[in-house]
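The values are calculated or read from the model by the stated rules, or taken from the named source; none is laboratory data. From a predicted model like this one, the values you see are computed outputs, not experimental measurements. Virtual Cβ from ideal backbone geometry, glycine too; neighbours counted across all protein chains shown.
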Amino acid sequence: MVPLVRQVMRQTRARLFHGDTHVEGKILNVFEPSTEVIRKGKAGKPNEFGKMIKLQEAENQIIVDYEIYAHSDARSSSQKRFDEGLIRKQRRARALLDDTTQGKNACLVGNA
């Protein structure tokens with residue numbers, strides 16, 4: 001606990017006397033030192049505090065998998081999933097467009 005208090009005192013001095021808010025190894029919560037700043041960019045809540053996690057749920061909200069991200073992994077991992085999802089949606093849209101232009105869905109259009 002003493003090293004933790006010393007670190008808080010160092011970062012407080014740096015902020016108050018030198019205006020340095022970007023101290024290496026900043027402690028955000030004395031009771032949970034692993035707490036991190038999660039920058040979401042929302043207007044009402046631009047910053048949140050805690051750990052970035054991934055939860056996967058099955059039916060009836062049963063958690064089937066989870067992952068706790070390291071600070072540097074959170075953004076790159078979520079960006080990677082976003083990119084992969086976008087690529088899948090683009091492929092589906094192209095396939096649907098190809099099917100429609102080749103007349104494979106003509107029976108659906110003709111019966112409307």
task: Take Gly19 and decide whether it is out of contact with any Pro (no Cβ under 7 Å at 6 or more places or on another chain) and at pLDDT 75 or above.
output: yes
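Here is a yes/no grid of residues against (1) loosely packed, with under 13 Cβ neighbours inside 10 Å; (2) part of a helix (DSSP H, G or I); (3) out of contact with any Lys or Arg (no Cβ under 7 Å at 6 or more places or on another chain); (4) not hydrophobic (A, V, I, L, M, F, W, C):
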residue: Leu4; (1), (2), (3), (4): yes, yes, yes, no
residue: Val8; (1), (2), (3), (4): no, yes, yes, no
residue: Gln11; (1), (2), (3), (4): no, yes, no, yes
residue: Phe17; (1), (2), (3), (4): yes, yes, yes, no
residue: His22; (1), (2), (3), (4): yes, no, yes, yes
residue: Leu28; (1), (2), (3), (4): no, no, yes, no
residue: Ile38; (1), (2), (3), (4): no, no, yes, no
residue: Gly44; (1), (2), (3), (4): yes, no, yes, yes
field: Unique match (being aromatic (Phe, Trp, Tyr) and within 27 Å of the chain's Cα centre (by Cα)) among Phe17, Phe31
entry: Phe31
message: So for the stretch 36-59 (the condition being among the β-branched types (Val, Ile, Thr) and closer than 20 Å to Val5 by Cα), does at least one residue qualify?
response: yes
